Amino acid sequence: MIVNNEMSLSFPSKSCNEAFARCVVSGFLMSLDPTINELSDLKTAVSEAVTNCIVHGYRRQDGIIYIKGKIKNGNHVVIRIRDKGCGIADVKKAMEPLFTTAPEEERAGLGFAVMQSFCDKVRVKSEPEKGTTVVLEKIIGSNES
């Protein structure tokens, strides 16, 4: 495995920073000359993951969101989004469409489903009271977007 480029970012868990995260990841990917669809797919997936950190991980309390990005083997993008929030007791259940831990905020429970639809691979690792890591993977230039 060859790592062509990588980046690391951390920022406060504020709703206004969701757009910031999208822009940073978008800028990081530009060296790959992604299509508009590829770029949009990853930006949407990142938005969903960051929003999950804010709404579910930290429950709108202060915290830090961490993003690490890697471009491997020329066009394989791996984006890790992590929080140190409350964690997920049952990841399998949380990944079911329409499941939400914030119904009072009128959340649709589609965040993980959206991430899965826009990425080639999505992995979630979580531990209660320790936080959650979401790993998004996408091959740029695969002609599948």
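The values are calculated or read from the model by the stated rules, or taken from the named source; none is laboratory data. Keep in mind that what you see is a predicted model, and the values were worked out from it rather than measured. Don't worry about glycine lacking a Cβ; one is built from the backbone with ideal geometry, like all the others, and counts go over all protein chains shown.
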Next on the checklist: Tally up the residues in the range 72-118 that are modelled with pLDDT under 75 and closer than 18 Å to Arg59 by Cβ, please.
Outcome noted: 11
Next on the checklist: Suppose we filter Ser13, Ser31 for residues that are within 22 Å of Leu110 (Cα to Cα) and in contact with a strand residue (DSSP E or B) (Cβ under 7 Å, 6 or more places away or on another chain); which single one remains?
Outcome noted: Ser13
Checklist outcome for this item: Taking first residues from the range 5-27 that are within 15 Å of Gly69 (Cα to Cα) and among the aromatic types (Phe, Trp, Tyr) and second residues anywhere that are assigned to a helix (DSSP H, G or I) and modelled with pLDDT of 95 or more, the pairs with Cβ under 6 Å that are 6 or more apart or on different chains are Phe11/Asn17
